[in-house]
Amino acid sequence: MSTPTWPSEYAERYRAAGWWRGETFGGLLRDRAARHPDRIAIVDPAPAPGAPEGRRWSYGELDARADRLAAGFLARGIGKGDRVVLQLPNVAEFFEVMFALFRIGALPVFALPAHRESEVRYFCDFSEAAAYIIPAVHGGFDYRELATTVRRQVPTLRHVFVAGGADGAGEHTALTDVAREPVPITDPPAPADLAFLQLSGGSTGVPKLIPRTHDDYIYSLWGSNEICAVDEDSVYLCALPAAHNFPLSSPGTLGALYAGARVVLSPQPSPDVAFPLIERERVTLTGLVPPLALAWIEAAQRGEHDLSSLEVLLVGGAKFSEEAARRVRPALGCTLQQVFGMAEGLVNYTRLDDDEETIVTTQGRPISPDDEVRVVDDEDNDLPAGATGHLLTRGPYTIRGYWRAPEHNATAFTPDGFYRTGDVVRQTAAGYLVVEGRAKDQINRGGEKVAAEEIENHILAHPAVHDVAVVSMPDAYLGERTCAYIVLREGAAPVRSLAIKKFVRERGLAAYKVPDRVEFIEAFPQTGVGKVSKKDLRAAITAQLAARPAAAKAPDGSLEPGAAAPAGLPAPQPHAGAPAP
Ligand code: OOB
């Protein structure tokens, strides 16, 4: 089954314009290692098993490690085009594994550490993965047990490799046992080949896989580097989960490695872990989602750490409020860059030399002069300049279709190849985009995306549930949280909301997808054409939250007890200074 890609006239245009430089990831690491073998590429502050200190890998060492691991993967029958589900947290191994796979042309499928059985099984099954790579234990969760379960269910899965620690039961292979003497790679990937499959935030029952090529992704890296002034003296702190597109490429760890800069891995994004690293490693830039940026602004006011090396803070993944944006420079002493991006491609940045108003009131403009942006009505008609509408985009690093999803592609892309982002925006006269809302059926939980339909399908499996609609509700801390409205079956015994949450969790879902709130309702409000009106449900829960007496609210203003904070976020603080959404 072929992967949808750019028609040849576009590919030629992007090459002629110099956007696609004919590089591959394997080749660029080789090149950087040859140019400056001793420069530090990766700093992982966490001690490896048996070692007293963290790791500092030079470009030469990263390159050599990737070679040895590539040889080991080949020796175990993993080769070009094979899919490998990669679920590693922010550890040095993430990079040696990723580059080893890039080098042999095997395709990493980037899972997040938060994903659990239901998601991982789907990624392995749908991608027909040959291997699955995990940490032993991370965040108190034993991934080896998960791997054992998934391996039983997915026949293509021939290997499980465990980073950082022995495997215990002897069922899986320690990553340290994989490396071999380097061998020549006889059939390396070409620049136009797929490099990896990234996950979509999604609005459908199951996440879609996003096929990115070496050519297109590498363009987004150096394009980002130019805009964010990343050069070989930069030090990038990877605080968000490394596999996510934002910290991977905007400009992210891969942008930093492209520039010959240094990547510092933060095991957690919270200020208590990240600030000492910024101070010690003289970090110059990093990227955060809005709730974390707020937590950093608050923590910086305590003045306990020297953050003076920090030059740029990128904030994206969800809308950053103007009020919060204004606080970045005074609190952190650095320039804010808003980033409005998507794993499917298009990334917008405010520019470092933009005036403060542009920086705090817009979500930036595209990387490339060849990024085409249209703002349209419900019928795909272009709207007058400055009007608010649906964002469609096409360009040199925006995919032309999801992997193995022809039916979905028929509606997710226009016939002439524009991606329907599902975002509602307006474009200023200067070409900057302002995100005004969303048309896709998704909840953006502080940057973590929840597809309503995916959660609805899980809840529908509950025997007492007749129907369900999952909607967003406003939240002072995360921007949005999830609320599941449920109509019970006639005659079903009453169910507690906690029982629904437990049911969803036990189906093996990432914690951030468990509904924050569950409401029972007699019948759903309907639209004029008899569909469930999610708009009315959102309005109902918003009004209900606003009407609650202050004393009845959880400390953060809305959170029900037991709801999950995003990975690595501290528990919400009372009076965190978060602006009202
Ligand atoms: C990033 O990528 P995804 O794929 O997790 O999510 C993309 C979606 C966008 O379509 C939009 O709905 C939302 O996330 N989003 C924003 C935003 N940045 C992303 N909404 C409002 N304001 C923003 N600044 O989230 C992503 C990928 C690369 C760089 C940055 C973020």
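None of the figures in this text is laboratory data; all of them are computed from the coordinates on show. It should be emphasised that the depicted structure is a prediction, and the values quoted were computed from it without experimental measurement. When we count neighbours, we look across all protein chains shown, and the Cβ atoms used for this are built from the backbone with ideal geometry, even at glycine.
General observations
- Test: residue in the stretch 429-436 that is under 19 Å from ARG517 (Cβ atoms) and surrounded by fewer than 23 Cβ atoms within 10 Å (Cβ to Cβ): no
- The set of residues from the stretch 474-484 being buried (at least 23 other Cβ atoms within 10 Å of the Cβ) and over 21 Å from the mean Cα position of the chain (by Cα) comprises CYS483, ALA484.
- Of all positions in the stretch 266-275, at least one carries a residue that is in contact with a strand residue (DSSP E or B) (Cβ under 9 Å, 6 or more places away or on another chain), touching a residue at least 12 places away in the same chain (Cβ under 8 Å), under 24 Å from PHE102 (Cα atoms) and crowded, with 24+ Cβ neighbours inside 10 Å.
- Residues that are touching a Pro at 6+ places or on another chain (Cβ under 9 Å), buried (at least 20 other Cβ atoms within 10 Å of the Cβ) and free of Cβ contacts under 8 Å to residues at least 40 places away in the same chain within the stretch 289-319 comprise TRP296, ALA299, ALA300, VAL315, listed in sequence order.
- Test: residue in the stretch 76-87 that is crowded, with 23+ Cβ neighbours inside 10 Å and assigned to a helix (DSSP H, G or I): no
- When residues in the stretch 209-239 are screened for being within 13 Å of LEU285 (Cβ to Cβ) and within 15 Å of the ligand (Cβ to nearest atom), 8 of them pass.
- Where strands (runs of 3 or more DSSP E) fall entirely within the stretch 201-299, those with at least 3 residues that are within 30 Å of PRO189 (Cα to Cα) are at 209-213, 235-238, 262-265.
- Filtered by the rule that a residue be part of a helix (DSSP H, G or I), touching a Phe, Trp or Tyr at 6+ places or on another chain (Cβ under 7 Å) and more than 23 Å from LEU107 (Cα to Cα), the stretch 1-59 gives a lone residue, TYR14.
- For the stretch 430-452, the criterion of being within 16 Å of the ligand (Cβ to nearest atom), assigned to a helix (DSSP H, G or I) and not aromatic (Phe, Trp, Tyr) is satisfied by at least one residue.
- Check on SER321, away from the ligand (no atom under 16 Å from the Cβ) and out of contact with any Phe, Trp or Tyr (no Cβ under 9 Å at 6 or more places or on another chain): no
- When we screen THR176, THR186, THR149 for residues that are assigned to a helix (DSSP H, G or I), farther than 24 Å from ASN457 by Cβ and not charged (D, E, K, R), the only hit is THR176.
- For the stretch 200-208, the count of residues that are closer than 26 Å to GLY27 by Cβ, touching a residue at least 60 places away in the same chain (Cβ under 8 Å) and of a type outside the set (D, E, K, R) is zero.
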